[in-house]
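The values are calculated or read from the model by the stated rules, or taken from the named source; none is laboratory data. Source: prediction; values computed, not measured. Backbone-built Cβ (ideal geometry, glycine too); neighbour counts: all protein chains shown.
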Amino acid sequence: MSDANFRIVERRAFLKYTFGAGALILGTHIEAWASSADTAVFHPDVFLGIEPNGTVILIAHRSEMGTGAKSTLPMVVADELEADWKRVRVEQAIGDEKYGSQNTDGSCSIRDFVQIMKVAGATARTMLEQAAAQKWNVPASECAARNHQVVHTKSNKKAGFGELAPLAAKLKTPDKATLKFKPASEYRYINKNVPVVDQQNLCEGKGIFGMDAKMPGMLVASIEHSPVYGGKLVSFDAAEAKKVPGVRDVITMDHFKPPHNFQPLGGVAVLADHTWAALQGRKKLKAEWDLGPNASYDSDRYRDSLLATARQPGKIVANRGDVDAGFANAAKTHEAVYSTPLLSHAPMEPPAAVAEFKDGKVVCHAATQNPQAVQETVAAAVGIDKKNVICHVTLLGGGFGRKSKPDYVAEAAVLSKKTGKPVKVVWSREDDIRTDFYHSTAGMYMKAGLDSAGKPNAWLHRSVFPSIGTTFDDKAEYAMELEMGMGWNDLPYDIPNHRAENGAAKNHIRIGWLRAVANVYHAFAIHSFVDELAQLAGKDPVEYALGLIGSGRKIEVNPVGMKYWNHNQTQKDFPLDTARLRNVIETVAQKSNWANRAKGNGHGWGFAAHRSFLTYVAVATEVQVEGGRVRIPNMHICVDAGQTYHEDRVLSQLEGACVFGTSIAMMSEISVKDGKVQQSNFHNYQVARMPESPEKIHVHLIKSDALPAGVGEPGVPPVPPSIANAIFAATGKRLRDLPLRKGLRG
């Protein structure tokens with residue numbers, strides 16, 4: 001067990017922190033487009049270019065929302081290139097399939113692209129060294145790139161990147177197999193906590209987010225959607241809305257055709273000269289709706305139906321041994337049901353985008369996690385080819401998965417086509433919370449057959465929830481492979497008889513992925529249940545969990561009736577490695593001084609450990625419960641994410657995961673009555689503020705030579721069960737439904 005890095009953040013301390021001719025371009029195609037400064041320069045549609053003046057242009061093809069993707073991937077290129085970071089210009093890419101996937105989702109930016117970035121940097125460095133060798137008529141082996149220039153090691157001759165770029169541009173691109181990569185000991189930027197590229201602009205308030213994007217002559221639109229998912233407009237009266245100063249027009253938008261995918265929902269748009277007029281005009285609309293079949297949807301009754309389904313046999317998605325025989329021969333059995341509510345993404349910046357439809361093309365600026373999805377969705381909405389959609393990506397004021405679904409961008413494009421002017425669509429906080437792609441509600445049933453020592457010989461678990469698949473197939477009732485592969489059909493415990501099942505569930509509201517996705521509810525049920533079993537056996541929860549895991553081994557996951565998703569990675573490259581899971585558990589126990597913790601009388605510690613996004617995470621949480629209020633003095637989180645490339649951003653994402661997970665555990669909930677979402681803003685859709693957040697977050701990052709895995713999401717799933725288990729240790733009260741605050745009040 002070893003700490004690669006460790007950081008503790010106290011709440012109060014947080015407040016104190018508060019290409020032209022002759023250019024070398026790597027790629028197969030060059031395309032001109034306006035940069036952020038609207039200057040006419042050449043940008044390649046791959047990742048690296050060098051201008052004659054020596055400026056290195058690096059293309060950031062992933063979206064920036066605080067994770068550091070815009071900085072870390074270009075930094076890897078710069079390190080391999082031996083570029084001077086002060087002479088690097090990072091440009092945000094437009095949407096273009098030639099970059100590969102641009103979907104900044106699923107905690108995969110580093111995992112999927114770090115090697116590609118290393119190849120880009122090493123290729124350019126090699127070509128510059130070859131150009132210098134040709135210039136000086138010396139062997140290339142005697143030339144080495146160092147800090148933005150190439151040096152002849154024997155004579156100490158030097159030539160800058162800009163001087164060598166025209167010569168290098170004429171050379172043949174070397175075969176990837178011949179490239180030599182820098183050893184980690186020579187890294188200049190990787191894991192050196194270099195400031196992110198937008199830091200100065202962000203500190204000075206100059207960062208351009210979706211809400212900041214503008215186009216000349218644009219109108220601003222606020223859209224009234226149906227208050228019930230699937231409802232259709234019957235009639236509306238815009239007379240009073242049009243009297244509001246600044247309102248220019250009121251336009252109807254067609255209702256979506258199932259499946260909804262990322263289509264605009266439809267409704268009535270109020271267009272105005274500025275945001276305030278659009279919002280005020282919309283308040284004066286008088287719209288009548290046919291609310292449709294989902295008007296009877298009630299989230300409490302629906303939760304009860306999920307739990308009822310979970311108590312019945314479902315579709316088998318994992319099966320090992322003979323579970324029924326294991327139960328028949330058990331000394332005793334234990335069962336429990338758990339539930340989690342709908343959740344909203346609620347990023348700090350609600351959706352916003354501006355678009356102009358002109359001459360059969362669309363140019364848009366959007367706070368989006370996926371500009372390629374923007375191209376496809378906008379093209380379908382206005383009836384053009386996706387190659388005629390140019391999507392410029394702004395900074396994102398948070399995303400959590402919401403902004404990979406570009407319905408709001410398509411709304412702007414549709415309205416621009418209708419009006420003949422650029423249109424900026426602005427979603428209010430109320431729109432954002434009441435009309436989201438919600439994280440699914442879930443009901444889960446757990447049953448274990450125990451031997452005389454309290455260890456399970458048989459294990460059955462069932463999960464029931466409306467699937468993300470309903471976004472793309474409105475008739476879907478069972479989970480997708482990826483959802484079952486998130487902690488359900490890949491149980492890491494050494495139990496001879498194990499069966500996992502999935503029950504059918506229809507959706508009545510838009511369902512989408514949110515940070516950590518199905519791992520959130522699966523981890524809550526499984527790791528709460530393990531704690532229950534430990535208490536029944538009279539065992540320490542950490543030691544009990546380690547006993548369930550058994551010895552370190554690499555598990556071959558073989559689900560029933562479906563492929564094991566494993567984030568589309570091979571199990572050879574990314575096995576389920578229980579030795580790594582054991583390691584994070586043992587480390588967090590040591591760092592939190594678990595063995596000497598106190599419990600009872602309102603004070604307790606809870607623990608949970610989970611693998612998600614190919615990363616291993618353990619969390620130990622301390623709580624103090626007084627009446628219905630829970631205080632969290634300490635939260636320890638230990639993570640093995642394989643190789644990392646910007647430890648400051650890694651640590652920050654894990655700290656954020658602790659706060660995000662605390663919100664899910666304690667207070668966040670979307671409830672629906674008569675088909676209508678009851679929450680509207682942060683006064684009733686609550687997230688953890690400073691008093692509710694962990695007072696001290698201790699991050700323990702394991703040094704690892706394993707392939708890089710995910711970071712943005714895997715810190716979240718173990719947090720809610722660790723808090724629930726801590727509350728049990730403090731009070732003896734077992735809470736099986738999120739959010740936990742409701743159970744404490746009951």
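Here is how the numbers come out for the structure above:
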read-out	value
Number of the condition not met by Leu482 [criteria: (1) hydrophobic (A, V, I, L, M, F, W, C); (2) touching a Lys or Arg at 6+ places or on another chain (Cβ under 7 Å); (3) part of a helix (DSSP H, G or I)]	(2)
Subset of the range 271-319 (residues that are among the acidic types (Asp, Glu) and not in a helix (DSSP H, G or I))	Asp273, Glu288, Asp290, Asp298
Selection status of Arg736, assigned by TED's automatic domain parsing to the domain that holds Glu532, at pLDDT 95 or above, among the charged types (D, E, K, R) and more than 14 Å from Gly661 (Cα to Cα)	yes
Filter result (surrounded by fewer than 18 Cβ atoms within 10 Å (Cβ to Cβ) and of a type outside the set (Asp, Glu)) within the range 216-247	Pro216, Gly217, Pro227, Lys232, Val234, Ser235, Phe236, Ala239, Lys242, Lys243, Pro245, Gly246
Single residue of Leu26, Leu73 found to be of a type in the set (A, V, I, L, M, F, W, C) and modelled with pLDDT under 50	Leu26
Inter-residue pairs, beta-carbon under 6 Å, first closer than 14 Å to Gly266 by Cβ and in the range 411-425, second at pLDDT 95 or above and surrounded by fewer than 20 Cβ atoms within 10 Å (Cβ to Cβ), 6+ apart	Lys418/Ile251
Options Val354, Val317; residue that is in contact with a helix residue (DSSP H, G or I) (Cβ under 8 Å, 6 or more places away or on another chain) and closer than 27 Å to Phe256 by Cα	Val354
Single unsatisfied condition, Ser428 versus (1) touching a helix residue (DSSP H, G or I) at 6+ places or on another chain (Cβ under 7 Å); (2) crowded, with 21+ Cβ neighbours inside 10 Å	(2)
Yes/no for Val378 being within 28 Å of Val90 (Cβ to Cβ), under 21 Å from the mean Cα position of the chain (by Cα) and modelled with pLDDT of 95 or more	no
Residues satisfying the stated conditions in the range 186-219, i.e. part of a loop (DSSP other than H, G, I, E, B), in contact with a strand residue (DSSP E or B) (Cβ under 6 Å, 6 or more places away or on another chain) and not hydrophobic (A, V, I, L, M, F, W, C)	Gly207
Tally of residues being under 32 Å from the mean Cα position of the chain (by Cα) and more than 21 Å from Lys214 (Cα to Cα) across the range 265-290	4
Filtered residues of the range 130-144 (kept if surrounded by 22 or more Cβ atoms within 10 Å (Cβ to Cβ) and either assigned to a helix (DSSP H, G or I) or among the small types (Gly, Ala, Ser) (or both))	Ala131, Ala132
Options Ala608, Ala657; residue that is within 20 Å of the chain's Cα centre (by Cα), assigned by TED's automatic domain parsing to the domain that holds Val711 and at pLDDT 95 or above	Ala657
Residues (surrounded by 15 or more Cβ atoms within 10 Å (Cβ to Cβ) and either part of a loop (DSSP other than H, G, I, E, B) or not assigned by TED's automatic domain parsing to the domain that holds Ala133 (or both)) located in the range 158-173	Ala169
Every residue from the range 661-698 that is of a type outside the set (D, E, K, R) and surrounded by fewer than 17 Cβ atoms within 10 Å (Cβ to Cβ)	Gln678, Ser680, Asn681, Phe682, His683, Asn684, Met690, Pro691
Test: residue in the range 662-670 that is touching a Gly at 6+ places or on another chain (Cβ under 6 Å), at pLDDT 95 or above and either farther than 28 Å from Arg745 by Cα or of a type outside the set (Lys, Arg) (or both)	no
Those residues of the range 417-435 which are farther than 11 Å from Pro350 by Cβ, touching a Ser or Thr at 6+ places or on another chain (Cβ under 7 Å) and of a type in the set (Val, Ile, Thr), in sequence order	Val423
Residue in the range 562-585 that is at pLDDT 95 or above, in a loop (DSSP other than H, G, I, E, B) and under 30 Å from Tyr297 (Cβ atoms) present	yes
Selected residue [under 30 Å from His610 (Cβ atoms), surrounded by fewer than 22 Cβ atoms within 10 Å (Cβ to Cβ) and in the same structural domain as Leu306 (by TED's automatic domain parsing)] from Lys475, Lys447	Lys447
Filter result (assigned to a strand (DSSP E or B), of a type in the set (S, T, N, Q) and crowded, with 23+ Cβ neighbours inside 10 Å) within the range 337-381	Thr340
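Quick grid of which residues meet (1) modelled with pLDDT of 95 or more; (2) farther than 13 Å from Gly68 by Cα; (3) among the aliphatic types (A, V, I, L, M):
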| residue | (1), (2), (3) |
| --- | --- |
| Gly162 | no, yes, no |
| Ala165 | no, yes, yes |
| Leu171 | no, yes, yes |
| Asn193 | no, no, no |
